[in-house]
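Nothing in this text is a laboratory measurement; each read-out follows from the coordinates by a stated rule. Since we're looking at a predicted model, the values are computed, not measured. Here the Cβ positions follow ideal geometry from the backbone for every residue, glycine too, while neighbour counts run over all protein chains shown.
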Amino acid sequence: MSGAVPRPALTHFASVTVEVGEVLDLGETIDGRRRVVPIRGGSVAGNGWSGRVLDAGADFQLYPSADTAYLTATYVIEAGDGTRLFVENKALRAGRPEDLARMVSGCTVDPSLIYFRCAPRITAATDSAFAWVNSRLFVGSGVRTPDSVRLEFFAVD
């Protein structure tokens with residue numbers, strides 16, 4: 001076996017702002033506190049392209065402890081050329097219990113106090129200009145504000 005193992009690099013794919021609706025709090029379950037946050041729209045700016053987040057999705061949240069949240073958001077981005085990209089974004093949000101509690105209650109929390117990383121899976125029609133996303137991994141980071149989530153997505157090269 002010869003050759004070095006390639007080191008991954010990151011290429012910026014898009015800046016995404018997801019507008020969210022009123023939180024549905026399901027309360028404490030056997031797995032932890034469950035919440036569902038409707039996705040109501042938003043905007044996308046990529047390298048040489050732009051689009052919008054459609055009012056079609058939700059963020060399913062699980063808080064197994066006071067300092068950790070597991071998030072799974074599913075939604076659709078519509079690029080300016082009409083291509084629709086399906087996003088299934090799995091994320092981890094962690095921080096001090098008091099900071100997460102303030103965020104959950106709708107307060108703004110300094111983003112440096114919250115670890116918010118994600119691994120979005122993005123798919124598109126195989127005959128579209130975005131077909132290449134079907135064969136790439138993506139990673140990202142995010143910031144939660146009271147009425148939106150700001151995300152930066154990167155393709156792993």
Seminar exercise, completed: Among Val37, Pro8, Gly51, the residue whose Cα sits farthest towards the positive end of the charge dipole of the stretch 1-143, when +1 is placed on the Cβ of each Lys and Arg and -1 on the Cβ of each Asp and Glu, is Pro8
Exercise. Where does the chain land at 222 nm, in deg cm²/dmol rounded to the nearest 500, when only DSSP H runs of n ≥ 4 count, each adding -39500 (n - 2.57), divided by all residues?
Worked result: -1500 deg cm²/dmol
For this session: About the Cα centre of the stretch 21-135, how large is the charge dipole given +1 on each Lys and Arg Cβ and -1 on each Asp and Glu Cβ? Please answer in debye to the nearest 20.
Result: 120 debye
For this session: Using a cut-off of under 15 Å, list every residue of the stretch 62-79 whose amide N is near the label point 7 Å from the Cα of Ser128 along the Cα-to-beta-carbon line.
Result: 75-79
Problem set entry | HN-Hα J in Hz across the stretch 5-22 - Karplus 6.51, -1.76, 1.60, θ = phi - 60°, x for Gly and Pro | 6, x, 8, x, 10, 10, 10, 4, 9, 6, 9, 10, 10, 9, 8, 10, x, 5
Exercise. In whole Å, how far is the Cα centre of the stretch 122-157 from that of the stretch 44-84?
Worked result: 8 Å
Exercise. Using a Gaussian network model of the chain with C-alpha springs under 10 Å, which one of Asn47, Asn134, Asn89 is most mobile by mean-square fluctuation?
Worked result: Asn47
Exercise. For the stretch 30-154, what is the relative contact order in percent, using Cα pairs closer than 8 Å and at least 6 residues apart in sequence?
Worked result: 17 percent
Exercise. Out of (i) 15.6; (ii) 18.2; (iii) 16.4, which label holds the value of Kirkwood radius over Cα pairs in Å that was computed here?
Worked result: (iii)
For this session: Give the peptides 4-12, 20-28, 67-75 in descending order of average Cβ contacts within 10 Å, highest first.
Result: 67-75, 20-28, 4-12
